Amino acid sequence: MTLEVQEAGETMPSRGLRATHIVWIILATILVTAAVTYWVVRTYIYAKDFEPVQLSVQEQQKLDAKLRVLGYDPAPSPATGATAGKETDEQWLRPERYSEAGARREVSFSEREVNAMVAKNPDLAKKLSVDLGDDLVSARILVPVDPDFPILGGKTLRVSTGVEMAYRDTKPVVVLKGVSIMGIPIPNAWLGGLKNIDLISEFGDSDGFWKSFADGVGNIHAEEGALKIELKQ
């Protein structure tokens, strides 16, 4: 019986991970962590402004006509001019008997029109975008953080929210579905218990905005790409 003796200077085969493998794994982990951190910071903290919706001249004229149905007379825009497609004050101020016969009580706003109206507000321009779905109005908001706030001071946070908007049992329904900050849903307790609560039923019994709003609306609902409103007589 013979024994095989390992020759001098010959090393045993290495087992397990080599030092170079461990170094590469550490480097890969660092790179992946840095990439994920960069994506989170760019996506949720250093958020870019939204691109405002710009309507064409024809689209703006249609929107202005819809706003007049609701009793709001929009100011002339540079794109449409002061009198393009619009009756002047001097032309409107003529003797005429009042009548509601044939008056429109229904108006519909497209998603582009809603976002265009938002873009005209200096405080909301580039900071708010609205999405219209079936019985759901969703919004994304960029919220600047006060520079003196700890850690996140001077940053911009991305906030999203959803509101159910429908008409059931002969009354409008407005329900807060939730609020998320940086993709994380906020607990209902932090929202004052208002999540999934019909705001009109909750606050519409006393005099105020919600009661006046409910009393004047004959129908309201959101659908894919549009918001439709019908006013009562």
Does Lys155 satisfy the condition of being of a type outside the set (S, T, N, Q) and under 27 Å from Val57 (Cβ atoms)? no
Test: Ile181 is assigned by TED's automatic domain parsing to the domain that holds Leu157, aliphatic (A, V, I, L, M) and touching a Leu at 6+ places or on another chain (Cβ under 8 Å): yes
Selection within the range 95-134 - in a loop (DSSP other than H, G, I, E, B) and either among the hydroxyl-bearing types (Ser, Thr, Tyr) or touching a Pro at 6+ places or on another chain (Cβ under 7 Å) (or both): Tyr98, Ser99, Ala125, Lys126
Residue match in the range 193-206 (condition: of a type in the set (Val, Ile, Thr), in a loop (DSSP other than H, G, I, E, B) and more than 24 Å from Glu111 (Cβ to Cβ)): yes
Looking at Asp146, Asp215 in this structure, which one is assigned to a loop (DSSP other than H, G, I, E, B), of a type in the set (Asp, Glu), farther than 23 Å from Val53 by Cβ and out of contact with any strand residue (DSSP E or B) (no Cβ under 7 Å at 6 or more places or on another chain)? Asp146
The range 181-211, subset of a type in the set (D, E, K, R) and under 18 Å from Val137 (Cα atoms), residue modelled with the lowest pLDDT: Asp198
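The values are calculated or read from the model by the stated rules, or taken from the named source; none is laboratory data. In this text the structure is predicted, and so the values were computed from the model without any measurement. With ideal geometry, Cβ positions are generated from the backbone for all residues, glycine too; neighbour counts draw on all protein chains shown.
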